[in-house]
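Just below is one structure, and these are the notes that go with it.
The values are calculated or read from the model by the stated rules, or taken from the named source; none is laboratory data. Owing to the predicted nature of the structure, the values given are computational and were not obtained by experimental measurement. With ideal geometry, Cβ positions are generated from the backbone for all residues, glycine too; neighbour counts draw on all protein chains shown. We work out accessible area using only protein heavy atoms, side chains counted, and drop any ligands, DNA or RNA first. Shrake-Rupley method; radii C 1.70, N 1.55, O 1.52, S 1.80 Å.
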Amino acid sequence: MTRHTEELAEQLSATTLLRFATAGSVDDGKSTLVGRLLHDSKSIFTDQLEAVEQASLGRGQEAPDLALLTDGLRAEREQGITIDVAYRYFATPRRRFILADTPGHVQYTRNMVTGASTAELAVVLVDARNGVVEQTRRHAAVAALLRVPHVVLAVNKMDLVDYAEPVFAAIAEEFTAYAASLGVPEITAIPISALAGDNVVKPSSHMDWYGGPTVLEHLETVPSTHDLSDCKARFPVQYVIRPQTTEHPDYRGYAGQIASGALRVGEAVTVLPSGRTSTIAGIDVLGKSADIAWAPQSVTVRLTDDLDISRGDLIAPSADAPAPTQDVLATVCHVADSALVVGQRVLLKHTTRTVKAIVKEIPSRLTLDDLSQHPEPGQLVANDIGRVVIRTAEPLALDAYADSRRTGSFLLIDPADGTTLAAGMAGDAFAVTAEAVAEAVAVQDDEGWDF
Amino acid sequence: MTTAATVTEGTDSPYALSHLDALESEAVHIFREVAGEFERPVILFSGGKDSILMLHLALKAFAPAAVPFSLLHVDTGHNFPEVLDIRDRLVAEHGLRLHVASVQDYIDSGALRERPDGLRNPLQTLPLTEKIQAERFDAVFGGGRRDEEKARAKERVFSLRDEFSQWDPRRQRPELWQLYNGRHAPGEHVRVFPLSNWTELDVWQYIEREQIELPEIYFAHEREVFKRSGMWLTAGEWGGPKDSETVETRQVRYRTVGDMSCTGAVDSDATTLEAVITEIAASRLTERGATRADDKMSEAAMEDRKREGYF
């Protein structure tokens, strides 16, 4: 085999998928980093580059503007800004990547929350000349709130600080202390120059003092799944499959995607919210029968008893079933343009279940810049993050978001026009105690913390 | 009994899914969400690889029961016969209901006028949107992938369309976790893209893994073609070649299948799935960049057509 076909064969072998998000403000060089990752991993195609060159020439620019690769909408190109989250795809022989490219503009919070909600890793960019700034703290706080398992601090523009180790070390130390205080479980700091290509895809020859991975190496090797033994099994029923044909007269299967943990044939299970119990008789993983299946597989489960189960119910091991509740205490990020107010009637979508609900209280609003809290704000507007107390019309089998990003998350929806109002996370906001957060950010506020 | 997922070696845990298993699981989840939440869903079905893949995934999602969706073909009137053949065979084999919206009917009745350049893809929007209204479809599956085009990179999995089927990129709902919001008012509908996160290579690798049958025009074969706007178009009654264009026989295959007037063939000797995959993995051109005339019309061609109600 030639070297070329060897590379191809590697690229075509079975690989895993990693979803990650980038966060950075306008001048941190996020577009350059994304462009560098795509370019150096050979994921930009000739016709795409030609289109960018053409468009750049058409506007009188001499060099191709790589931001045009990512700004896909007319309004974005006209205004030279990024409006919305875009999803990009690239691959290396070791892994496929889905990148949620989140803009750092005015609507930053909801955009980053959207991108981070499905991300297993977040890259937070910092300009080496400026160090940790307010925007950096916001990004770290969003990553912590959304419980993104891995955070990469990319200290960019190292070429503009003479590739000096002390500059990097000071920023890395400050950021790590801050992010760790919010409960971010894993932080990796990497000194880079996206423009010059240092430590993005290729190791830098300018920073001998750095012995860690490049950004891409880290993306390729970070574990993409959690240890199943840590997670309780959760199976929201999406759809009941009943063929009622001569071939399958009595078949009744519960279709869904396993939200967390693993299910096993023979396991005793409880159906929520009814509380009825049964045993798993069989599991079909899209046409193949299996003894065990795990998140995020889409499967069909059969039970030994004929129970009344429908879309919206949750099947869980009887030993680990969540307690249904109608009172939800959660942190929400408000994503709609109209406000969320106390007393508002909403719909709450949790897994496959949508129920009526009312906003009983908004105890506090969080200021991401310094993590200070504003008590009883009365309402939340676009991009606000706040604590809410919600009463639902029917019981929900809700987990804490800390235990399961899938069964601890929900949407609030406007029943009048269907607008998605807020992204909700049940339970405590940050992974550490309120006191620890307060201490770490040295808040002067006497009223203390409930975040 | 066996476990069905492919377990990957290396740094990942034994419970990591292969990328194809992860994409398959996600697409199936999306099909089932629509089945659970909508009254009248339909799969847009052209007979091309993406729509055949969608049907395959839908069949898996609801087995052993039937697919609870009908199919809708927007027929430009300039179809490849091999594609119509496989369309009709799949419909018969799986006992599906097929709706057809015909561009030719609209031209014949005077409701649409043939364009001077002969392209019919841009004419599909009106028959498509009127059919959606007439049949009161509330969810319409499309095979669009975000890797195809930069306007599509901004597309949601659940994309709300107004009563005129229009897409407004500024008014898209944020899409969080796997919680898809399908709420819509009467007259509005939701376009659903279960293949959003697949790339062209993923599609081909999955087709090979599942041994899915495709129209023969996806594989290299001898064909009479002529060159227009830098692309090899199939000669035929639809309107080519013109006087200045000459027909020649070449060994080609198609990377995408759409209307004959704007889908170009590429020179290829890939006659098997394996060869096609190797060819695509090595290609430095995107699928659309290589073979779609209608996307070359302007920098925002796809965005503009999406705004009007196209996919």
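Residues A:A323, A:A336, A:A382: which one is more than 14 Å from chain B (Cβ to nearest Cβ) and hydrophobic (A, V, I, L, M, F, W, C)?
A:A323
Determine whether A:S289 is farther than 16 Å from A:A233 by Cα and surrounded by fewer than 23 Cβ atoms within 10 Å (Cβ to Cβ).
yes
Tell me the strands (runs of 3 or more DSSP E) entirely within the range B:41-118 that contain at least 1 residues that are within 14 Å of chain A (Cβ to nearest Cβ) and within 17 Å of the chain's Cα centre (by Cα).
B:41-44
When the residues of the range B:263-301 are filtered to those that are modelled with pLDDT under 85 and of a type in the set (S, T, N, Q), which remaining residue is most open to solvent (accessible area, probe 1.4 Å)?
B:S298
Taking the residues in the range A:306-339 that are hydrophobic (A, V, I, L, M, F, W, C) and assigned to a strand (DSSP E or B) as candidates, determine which candidate is nearest to B:E37 (Cα to Cα).
Among those residues, the one meeting the criterion is A:L314.
Pick from A:Q257, A:Q244: which is farther than 26 Å from A:L125 by Cβ, of a type in the set (S, T, N, Q) and within 27 Å of the chain's Cα centre (by Cα)?
A:Q257
Which pairs turn up if I take residues in the range B:25-37 that are at the interface with another protein chain (Cβ under 7 Å from one of its Cβ atoms) and crowded, with 24+ Cβ neighbours inside 10 Å and look for partners that are of a type in the set (D, E, K, R) and part of a helix (DSSP H, G or I) with beta carbon separation below 7 Å, at least 6 apart in sequence or on another chain?
Going by the 7 Å Cβ cut-off, the qualifying pairs are B:V28/B:K60.
Report, by residue number, each residue of the range A:325-341 that is in contact with a Lys or Arg (Cβ under 9 Å, 6 or more places away or on another chain) and either open to solvent by less than 40 Å² (accessible area, probe 1.4 Å) or under 12 Å from A:R387 (Cβ atoms) (or both).
Selection gives A:V328, A:L329, A:A330, A:T331, A:V332, A:C333, A:H334, A:V335, A:A336.
Mind listing whichever residues of the range A:258-274 are away from chain B (no Cβ under 11 Å) and either within 24 Å of B:H19 (Cβ to Cβ) or at pLDDT below 95 (or both)?
A:S260, A:L263, A:P273, A:S274
Looking only at the range B:151-177, count every residue that is without any contact (Cβ under 8 Å) to a residue 60 or more places away in the chain and at the interface with chain A (Cβ under 8 Å from one of its Cβ atoms) and tell me the total.
Residues flagged as without any contact (Cβ under 8 Å) to a residue 60 or more places away in the chain and at the interface with chain A (Cβ under 8 Å from one of its Cβ atoms) within the range B:151-177 amount to 10.
Name every residue in the range B:183-197 that is open to solvent by 10 Å² or more (accessible area, probe 1.4 Å), on the phi < 0 side of the Ramachandran plot and either among the hydrophobic types (A, V, I, L, M, F, W, C) or more than 7 Å from chain A (Cβ to nearest Cβ) (or both), in order of residue number.
B:A185, B:P186, B:E188
Which fully enclosed strands (runs of 3 or more DSSP E) of the range A:172-267 have 2 or more residues being open to solvent by 20 Å² or more (accessible area, probe 1.4 Å)?
Ranges flagged: A:187-191, A:239-241.
Where the second residue is among the polar types (S, T, N, Q) and buried (at least 21 other Cβ atoms within 10 Å of the Cβ) and the first is more than 7 Å from chain B (Cβ to nearest Cβ) and lies in the range A:289-301, which pairs have Cβ atoms under 6 Å and are six or more apart or on separate chains?
A:A295/A:S260
Being of a type in the set (K, R), in contact with a helix residue (DSSP H, G or I) (Cβ under 8 Å, 6 or more places away or on another chain), closer than 19 Å to A:A23 by Cβ and modelled with pLDDT of 95 or more, is that true of even one residue in the range A:136-150?
Looking through the range A:136-150, none of the residues is of a type in the set (K, R), in contact with a helix residue (DSSP H, G or I) (Cβ under 8 Å, 6 or more places away or on another chain), closer than 19 Å to A:A23 by Cβ and modelled with pLDDT of 95 or more.
Quick one: is A:T109 under 24 Å from the mean Cα position of the chain (by Cα), more than 9 Å from chain B (Cβ to nearest Cβ) and at pLDDT 65 or above?
yes
Report whether or not A:D399 is in a loop (DSSP other than H, G, I, E, B), open to solvent by 10 Å² or more (accessible area, probe 1.4 Å) and out of contact with any Gly (no Cβ under 6 Å at 6 or more places or on another chain).
No; evaluated as a whole, the condition is false for this residue.
Taking the conditions exactly as written (within 30 Å of A:K360 (Cα to Cα) and more than 8 Å from chain B (Cβ to nearest Cβ)), does A:T331 satisfy them or not?
yes
Being within 26 Å of B:Q178 (Cα to Cα) and not in a strand (DSSP E or B) is the requirement here; does A:R147 meet it?
yes
Any residue that is under 28 Å from the mean Cα position of the chain (by Cα) and over 29 Å from A:V355 (Cβ atoms) - is there at least one of those in the range A:313-320?
No, the range A:313-320 contains no residue that is under 28 Å from the mean Cα position of the chain (by Cα) and over 29 Å from A:V355 (Cβ atoms).
Just to check your reading of the model, which residue among B:R113, B:R136, B:R120 is surrounded by fewer than 22 Cβ atoms within 10 Å (Cβ to Cβ), of a type outside the set (A, V, I, L, M, F, W, C) and under 23 Å from B:T263 (Cα atoms)?
B:R113
Just a yes or no: is a residue in the range A:278-288 part of a strand (DSSP E or B), within 14 Å of another protein chain (Cβ to nearest Cβ) and at pLDDT below 95?
Yes: the range A:278-288 contains one or more residues that are part of a strand (DSSP E or B), within 14 Å of another protein chain (Cβ to nearest Cβ) and at pLDDT below 95.
Just to be sure I understand the filter: pairs with C-beta atoms under 7 Å, separated by 6 or more residues or on different chains, first member in the range A:399-424 and under 10 Å from A:L347 (Cβ atoms), second member among the acidic types (D, E) and surrounded by fewer than 22 Cβ atoms within 10 Å (Cβ to Cβ). Which pairs pass?
These pairs meet every condition: A:L421/A:D414.
Return only the number of the condition from (1) over 30 Å from A:T46 (Cβ atoms); (2) away from every other protein chain (no Cβ under 14 Å) that B:P122 does not satisfy.
If we test B:P122 against (1) over 30 Å from A:T46 (Cβ atoms); (2) away from every other protein chain (no Cβ under 14 Å), just (1) comes out false.
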